[in-house]
1. What number of residues within region 244-259 are surrounded by fewer than 20 Cβ atoms within 10 Å (Cβ to Cβ) and under 13 Å from the mean Cα position of the chain (by Cα)?
2. Residues I320, I281: which one is modelled with pLDDT under 95 and either in a helix (DSSP H, G or I) or in contact with a helix residue (DSSP H, G or I) (Cβ under 6 Å, 6 or more places away or on another chain) (or both)?
3. Scan Y290, Y300 and give me the residue that is of a type outside the set (K, R), assigned to a loop (DSSP other than H, G, I, E, B) and closer than 17 Å to Y344 by Cβ.
4. For residues that are farther than 22 Å from S415 by Cα and aromatic (F, W, Y), tally how many sit in region 344-378.
5. Here are V313, V342: which of them is outside the structural domain of R412 (by TED's automatic domain parsing) and at pLDDT 95 or above?
6. Could you tell me which numbered condition G486 fails, if it satisfies all but one of (1) without any contact (Cβ under 8 Å) to a residue 40 or more places away in the chain; (2) surrounded by 15 or more Cβ atoms within 10 Å (Cβ to Cβ); (3) among the small types (G, A, S)?
7. Mind checking which residues of region 205-240 are at pLDDT below 95 and polar (S, T, N, Q)?
8. If you scan region 284-310, which residues turn out to be at pLDDT 95 or above and among the polar types (S, T, N, Q)?
Amino acid sequence: MVLKGHSLFYYVSGTGVKVTPIDSARFKRQNCFEICHPGYRPVYLMAKSEADLNVWMSSLTSAAMPTTPDRKMLLLSGPVDHLFDTPALEDAVPYKRTYYFRQKVAFSLPRSADLARSAADLFELNERRLTTLCDLNNYCDAFPMILADPQLYVELLHAIGCYIFRPFQALQSTSPTNIFVEEPSADESSSQLGENPLDKYSEYTTEEQHWGLLSACYDLLLKTIEHIDKLEKHVRKDFFSLRFIAQLVNLFKTPSFRERQVLKGVLHRLYYKLTQRRSAIRKEIAHSFYEYIYESSNHYGVAELLEILGSIVNGFACPIKPEHVTLLEKALIPLHSTPAFVSYHQQLAYCMIQYVSKDHTLFTPIVRGLLKYWPVGNSFKEVVFIVEFEELLEHVLAEADFDHIALKLARRLGSCMVSDQFQVAERAISCWNSPSCLRIMNEYEKVAQRMFDVIKPFLQRAGAQHWNVIIQQKAHETYTVYYNMGYDNDDDVATPAAAAGTAGAADGSPASAGAADAKLLDSSAKTEESDPEEDAASSAALPAGAAGGDRGDRGDTDDEDTFEGES
């Protein structure tokens, strides 16, 4: 061993090393201890204080414990059942606490020999492991400095990973009607994991025991993340590797709702505490979205990941980086096209609003994406799309944000106003009469006049021919508002009803009124094909770097973006 500064470096095997305190009567000095190794002369050291003595002896005792070649677990020979009787840390001397803690971690590890045990023996063994994991949670609260040992930290994370990282069965159904089914019923769970082998009449089944083990491991993981600042900053990211991050995000595919809620808190804290892995976490979340959109049908976890991403986007620095814009365009906007959209539309809309509030120029690509994935024929999704668009309108700050998509948007909302589904028609008409839309129509008169010319025939048709009286009244009110604002160039026509009456009076028959409406709609529909110049202008309106490819991961450096949970 070599003592360099305040650090002690070992270049010999620690196997067989004994560290013991020395009685003050022997050296007539306080805080002395002895390091003995077979075949070598003993080494005597003296600490500055009793606290320093405990730190030295704890580190040396821990370093003398043999580990496997990958240094992820203790190297033990023979059965490990006797480790359950390891003394409690409250009753141990301070320098032995790390030693006993690592032994308890080793006992709690699931092992391949468990497969040879009977159901009753395995159930009883898991009960002892659950008790040990609960004790480890209590020790982390009572003795938080114990997590400053790097080797203990590695072994604890390895034990946690052995429990929580597991595969999930593929979903058999992709029907949107099943999107709110979160967990199997109690009968199905009992049939999958079995009854209590010790007491078939007990309500405490192997399902509850399995969740108890998972819950204890997640609590331990939260504590390790909370106390990661006790480790040196330059080695923190080594404990949470890229593989660990990918496995953690992949756990959101579990059908268990309560587990996804726990995972959401874990990933929140990890993003907040470990700044060097923020870029990797965002990349894995994006990959999870890509897999759901283009490959699999497992929608579990999308809502929770979007909720986490909403907090992340809320802390983005301005101007927004190109990699964040790429995440928006390639992952978030396509999420509007999936069958299970209704299960996460609130979280997705929040992310969209956060992006636009950070950079109002992103309004154009977001709305263009909404128009691209517009759910024609799905009335519920159409209402949700209209509501999301109405919320986005609040963040329009320049005419250029609205100019390139104004006509396409007006045509789409105009067709919604004459929909036979009265909720779609009502929501579309209310959108044109909303404070946000009226503000835009007042501020940007040039583009507003072009939009009104498009929606005018739709308003007239809704006010004169819609089967629902409420829709007719709302159309009359909206038309009157825009007429009073001076957008209607025809001074002889003040309301949709007057327009229908004037057209019918030309030949004395109601059919003429319908023909006039049809002519107006036809003239508007002829412009439905995209204009090449408009498309060129639309692509030019994208912010710089928005259409670029994936950027490199700068995961080795701190991310300067803030986080919603930071104080």
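1. 2
2. Criteria check complete, one pass: I320.
3. Step by step, each of Y290, Y300 is checked, and only Y300 is of a type outside the set (K, R), assigned to a loop (DSSP other than H, G, I, E, B) and closer than 17 Å to Y344 by Cβ.
4. Counting residues in region 344-378 that are farther than 22 Å from S415 by Cα and aromatic (F, W, Y) gives 3.
5. Being outside the structural domain of R412 (by TED's automatic domain parsing) and at pLDDT 95 or above holds for just one of V313, V342, which is V313.
6. (2)
7. Within region 205-240, T205, T206, Q209 meet the criteria.
8. The one that is at pLDDT 95 or above and among the polar types (S, T, N, Q): S288.
The values are calculated or read from the model by the stated rules, or taken from the named source; none is laboratory data. Here the structure is a predicted model, which means the values were calculated and not measured. Cβ coordinates were reconstructed from backbone atoms using ideal geometry, including for glycine residues, and neighbour counts include every protein chain displayed.
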